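Participant: Take this structure, written in structure tokens, and hold onto it; I'll ask about it next.
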Amino acid sequence: MLDLKIYLILGAILFCIGLIGFVSRRNMITMFLSAELMLQGVAINFLAFSRFRGNLQGQSFVLFILSVAACEAAIALALIVILYRAKNSLDVSKWQDLREEDLEPNEDPEILLLDTFQIEPMPTLPVAGHRPAKEEDASHV
Amino acid sequence: MYDAMAYLWMIPAFPIVAGFITFIIGPKVLRSQAHLPCIIAGFISFILSLMVLNDVVKAIQTSDIANPSSVAVSYFEWFRTGDPNLVGENFKKAGALKAEFSLRLDPLSSAMIVMVTFLGTLIAVFSTGYMRDHHGHIDPGYPRFFASVSLFLGSMLILVLADNVLLLYAGWEGVGLCSYLLIGFWFEKPSACKAARKAFLVTRLGDVALFLGFASLWVSSGYRLDFDGLLKLDNYDSGVGLACFLMFLGACGKSAQFPLHVWLPDAMEGPSPVSALIHAATMVTAGVYLLARFMPLFASVPEVQMVVIAVGTFTSLLAALIALTQTDLKRILAYSTMSQLGYMFMALGAGIDPKSALPMLAVSAAIFHLLTHAFFKALLFLSAGSVMHSMHDVIDLRRIGGLRKVLPLTHIGFLCGALALAGLPPFAGFWSKDEILSVIHETSKASNYPWFYILMWAIGIFVAFLTAFYTFRAYFLTFWGVLKLPEECHGEVHESPKSMTLPLMLLSLFALGIGFGLSNFTPFSIETFLGKIPGYVIQDHHSHDWLTVGFATFAGLAGLILAFVFYGSGNVTISEQAIGKSNFAIELSKNKFFFDEIYNKLLIAPLNLGFYCARIFDQYILDGIVDLIAHIPKIFAQLFRPIQNGLVQFYALAMILAVTVFLIALARSM
Amino acid sequence: MNEQPWITLTNLSLLLGWLAVYFCLPKRISGSSRLVGYGVGSVALIITAIQIFFTYSFNPELVLFCLFSFFAVVGACLMIVAQNPAHGAICFALTITSTGGIFLLLAAPFVMAANIIVYAGAIIVTFLFLLMLVKQHNADLADSESREPFLASFTGFILLGCMISVLNASFSSQSQLGARNEIERIVDDTNKALSLTDLSELKAKVINGDNNVVTRLKIALGGSGTWVERIEVDVQKNGTYMINKSDDIAEIKSALASLASIGNDYLKYRSLLRPSIAMPGNSGADPSLPLDKIRKDQSGRPAMPADNTTFLGKLLFSDQLIAVELAGLLLLVATIGAIVIVRQLPTKVSS
């Protein structure tokens, strides 16, 4: 017999994964999908409680979550479209105009801990018989 | 009670309502017809004033005026202060300050309101022409002008009709405000702004003294505000002298007497009708009216009266001397106004010994001169305005001349005014001026210091000579000689429009006739009329002081002839010499005896130093402390400001961290 | 708080999960770290599966649960690490379908259907349309980099760990056992008190201020017991109480007897407790009922209304009618809003 706890843990896992995605990804569409993922976790929570309380309140609540998510999707996608048109990019980092006046825009410094598995890309040879592409600097010399 | 009491309140109410109407709908709705409310209200008030005057005259003839308390009427309670339950007799009286909107109708106020409404209406009509350019386009501030004039008329009428000192003070401040607004009417001119500010501030000094005077009257009269209570000498134990002196200082400010006279010449920056109405005929005579109103009190303190007459004499002499060499037509008239006001103060200062008829004579002489002066000086100013209008705002006597032919109607008006001002028989100024000199002569007989009053009398006659001289100097320079036009005219001159010349003609008639009309030789004698003011001792028989009459007439004629010789005879060399000559006395006169400079050095420079110190203190010490305090939170904020980096994801991360911290706390507590 | 060891299998799998997500997230310099992430993630999943299989008895539900949740979690992880948003959307669809299975396990077939239709059907398709609209030809920098991957994944997993530990603490069998023991102890106490023949012991208990006994007696007698108050008054006044009246003793004895019979009944019928509460209205059990008073089905879990869709519809259109209307209004507003938002900007841009 499965109990309430394991369902709640599953909901929590989905919620947290969505959270990580929302916080770390810079593509607005991926961020939005992550938010929807968080809603899925919440929905599982509601349904589990509904199941283990023996009534339908949680299920009806999930239906409302669904409708709100649909509205959210409509508005958010519309917003994403116009944001994309304004900056021609889906990068959410291009929208940080509300920062304090004298702050430099965030250049996204990454903490490169544990990046010891980096492997330099292998040097690739050009196809034989073709002149290799010039380096850009060379044209100025 | 007069029948007129029922509608007395409408006399000030009409112009005030008209003023507010013009202020509100003038700029958008009335536009070029903005003069209508003002003129209509002024005219209605004038008709009502005539009805009131008729009522008063009838009451005098039936001797219905015996009961002094019947001359005042209270319409409603204005305000009330204090707690009547205070302990102590004086506190009770002082605490229960109660001011009513009450008006007073007696010969003095009725004469004043007729004069004010008549001149106001006439000058408003004149202004409809004056405030347009030669193509008939109105001045941009046209509605504002007439709104201010309306308000001025209302305030002035309240001033002269008021029956308690608070209401009088309200009217006093009202006319001061309107004067400020109208002097600074062309506020885009820096000089006009400066002049307006100067007028307002200098008269403010006087107003403070006046208010203190009223306060000390209130206290020493046993907390009375109404004139009935204030004018009874029995009510006072002491303090009348101080109160009278303070009130006289206030009157000095408003009427441009010696220490506070510097604002009036600068006030000519306003439009000429304003100079005529406010700074010649009505507002500046408020001081004279005040002293006339309180004459029973002033008469009881001869020391103050000596100060009054001394200041009046000095001012009239000073102003006449300055006027001798001025070259600005309006400025000459302004100094002449000062001089004539000094004359009125001389008359008022002659009223000593309340048990004799002298106070009554002094008041009637002063008010007589006030009325005649109002008419002929308004006439002179309007004529000057007409000249100015035709000459494209040039009234420098060195640049104009010989206008007799091109401006015939203006010339006649100015000539009538000049004759009246010079005091030549039988024009208006002659009668009133002689009245004043006679009163002084009379007083010298009754006083303990006869030589003092004789000296004043002599100076008065000398001033009469100077008056005739400078008046006709201005007249001859403007209208006689070779035709000289400023280049602004481009050779074209035409007489002013009818709306300007008609009032001039009407006023000319008055300037010629009013003196004789109100003299003791006619049934409309102003002396008999004003003698009916309650509380005065009436002189039974009239004795004419032929000595004074002779001297004064001679002085006037002498001035006229001298001016003709210098400026009117066409003898260029004498004129040139007279104008071009420069010695110490003439420099002194040209520079107005350096009063502005002296005031600047003695009063304004130390004050400026003080202001500078205060500014330094404020800017560097007070502001420094405040800025220092303001910097402390700023430094703290500097630590946390980078959090606000505008990244949505950063905010979300912060939120999650906070939730995590709470969850950890929850987990530990389970 | 019960002392729990820090190094548990759960925490280990959390740690591994964190590392897996961190390695998989797109980074500026991404080499083969993604492969490492996959490996570590697999280890974490295997550990978790082992844990689950050891905790719960084997039955079909468990198998299905594991299957669905595996796909849901894997889909979710792949979605957040996908460099191509289109791949992310497909992974999200996988997650949605798997969650649908979970919904079925939770006896919510209608919600499952609605969820799949709305998400996998509508939203994902709209996403794909959107991706087509914005036409990202080349891979954007935004896709190949993530913001603070280390901090973000660390925070997420710390949060997850907190949630799991809180859940563990509240669902631990110890705390349930504790509650059961408390009831048994009370009944035992009462029985013991009833069996006392020597009153001095009871007296000693009362006088020495064993509050539990006095309070329980008071509760059993409805709080208005005459002699209990007398005892308290006497104790306060004299510091002692002499039971010397026979009717007092009889009263105490009868009160204790009734108390003990209630307790014994509870212990006897506890496992069979099925209060005759009908399924109220449309929504199932009354939410205010205690958990153990809810009607159970054969498997020992709360009974759900049999016809899910019918009852859900009845509930929505009776008890929650206004909420449904408001949700409909919200959808309408969102539709209009979306149209307005998208229409506005082109004019601005063109101008």
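Every number in this text was worked out from the coordinates using simple rules, so none of it is lab data. Note that the coordinates shown come from a computational prediction; the quantities given were computed from them, not determined experimentally. Because the Cβ atoms are built from the backbone with ideal geometry, glycine has one as well, and the counts that use them run over all protein chains shown.
Participant: Which number comes out as Rg/Rh for the range C:9-171 once both Rg and the Kirkwood Rh are worked out on C-alpha atoms?
Facilitator: Rounded to two decimals, Rg over Rh is 1.00.
Participant: Farthest toward the dipole's positive end in the range B:158-254, which of B:Gly176, B:Leu161, B:Met247, given Cβ charges of +1 (Lys, Arg) and -1 (Asp, Glu) about the Cα centre?
Facilitator: Comparing the listed Cα positions along the dipole, B:Gly176 ranks first.
Participant: Give me the three principal axis extents of chain B from the C-alpha atoms, as integers in angstrom, largest value leading.
Facilitator: Principal extents (Cα only, largest first): 120, 72, 51 Å.
Participant: Report, to the nearest 10°, how far helix B:107-130 tilts away from the longest principal axis of the Cα atoms in chain B, using its own Cα long axis and a range of 0 to 90°.
Facilitator: 70
Participant: Find the percent of Cα-Cα distances in the range B:595-669 that exceed 14 Å, and round it to a whole number.
Facilitator: The answer is 79 percent, as a whole percent.
Participant: Would you give the gap between the C-alpha center of the range B:271-286 and the C-alpha center of the range C:61-107, rounded to a whole Å?
Facilitator: 95
Participant: Relative to the first principal axis of the alpha-carbon coordinates of chain B, what is the inclination of helix B:240-255, with its axis defined by its Cα atoms, in degrees from 0 to 90 and to the nearest 10?
Facilitator: The two axes meet at around 90 degrees.
Participant: Once both axes come from the Cα atoms, what is the angle between helix B:450-479 and the longest principal axis of chain B, in degrees from 0 to 90, rounded to 10?
Facilitator: Approximately 80 degrees, to the nearest 10.
Participant: For C:Gly284, list long-range residues whose amide hydrogen, built 1.01 Å from N in the peptide plane, is under 5 Å from its own amide hydrogen.
Facilitator: Residues meeting the amide H criterion: A:Leu56.
Participant: Pop out the ³J(HN,Hα) list for the range A:60-67 in order, Karplus 6.51 cos²θ - 1.76 cosθ + 1.60 with θ = phi - 60°, rounded to Hz; leave Gly and Pro as x.
Facilitator: 5, 4, 4, 4, 5, 4, 4, 5
Participant: Right, here's the next one. Over 10 Å intervals from 0, what percent of Cα-Cα pairs in the range B:409-489 sits in each interval?
Facilitator: 17, 36, 24, 14, 7, 2
Participant: FRET efficiency for C:Ile336 and B:Ile629, Cβ-Cβ distance as r, R0 = 45 Å, nearest 0.05?
Facilitator: 0.30
Participant: Could you compute the FRET efficiency for B:Leu177 and B:Ile621, with r as their C-beta to C-beta distance and R0 at 25 Å, rounded to 0.05?
Facilitator: Using R0 = 25 Å, I get an efficiency of 0.10.
Participant: Given the Cα-Cα distance of B:Lys484 and B:Phe462 and 0.36 nm per residue of separation, how much length would full extension add, in nm?
Facilitator: Extra length available between B:Lys484 and B:Phe462 comes to 4.7 nm.
Participant: Can you list residues whose amide H is under 5 Å from B:Ala162's amide H, if they're 5+ apart or on another chain and H is modeled 1.01 Å from N?
Facilitator: B:Arg104
Participant: Here's another thing I want to ask about it. Averaging over all projection directions, find the projected area of the Cα convex hull of the range B:290-355 and quote it in nm² with one decimal place.
Facilitator: Spelled out: convex hull of the Cα atoms, projected over all directions, averaged, 4.2 nm².
Participant: On to the next question. Just to verify a number: FRET efficiency for B:Leu50 and B:Lys189, C-beta to C-beta distance, R0 = 30 Å, to 0.05?
Facilitator: 0.20
Participant: Now, a different point. Working out 0.36 nm times the residue gap between B:Met505 and B:Tyr75, then minus their Cα-Cα distance, what length gain in nm do you get to one decimal?
Facilitator: Net length gain for the segment: 150.9 nm.
Participant: Rank-order B:174-181, B:550-557 by packing density, defined as the average count of other C-beta atoms within 10 Å over each peptide's residues, highest first.
Facilitator: By packing density, highest mean first, the sequence is B:174-181, B:550-557.
Participant: Just checking the output field for C:305-318: average partner chain Cβ neighbours within 10 Å of each residue's Cβ?
Facilitator: The shielding value for this peptide is 2.
Participant: Could you give each residue of the range B:377-382 its phi-based ³J(HN,Hα) in whole Hz, using Karplus coefficients 6.51, -1.76, 1.60 with θ = phi - 60°, and x for Gly or Pro?
Facilitator: So the J values, rounded to whole Hz, are 6, 4, 4, 4, 5, 5.
Participant: Could I ask something else about it? For C:Ser258, B:Ser383, what's the fewest-to-most ordering of other Cβ within 10 Å of each Cβ?
Facilitator: Going from sparsest to densest Cβ surroundings: C:Ser258, B:Ser383.
Participant: Could you run the Karplus curve 6.51 cos²θ - 1.76 cosθ + 1.60 with θ = phi - 60° over the range B:630-646 and give me ³J(HN,Hα) per residue in whole Hz, x for Gly and Pro?
Facilitator: In residue order, the calculated couplings are 5, 6, 4, x, 5, 5, 4, 4, 4, 5, 9, 5, x, 4, 7, 9, x Hz.
Participant: What's the Kirkwood radius of the range A:4-89 in Å, using all Cα pairs?
Facilitator: 14.0
Participant: Measuring from label point to label point, each 7 Å out along Cα→Cβ, what is the B:Leu609 to C:Ile262 span in nm?
Facilitator: 9.8
Participant: Can you compute the modelled spin-label distance between B:Ser356 and B:Thr327, with each label point 7 Å from Cα toward Cβ, in nm?
Facilitator: 4.8
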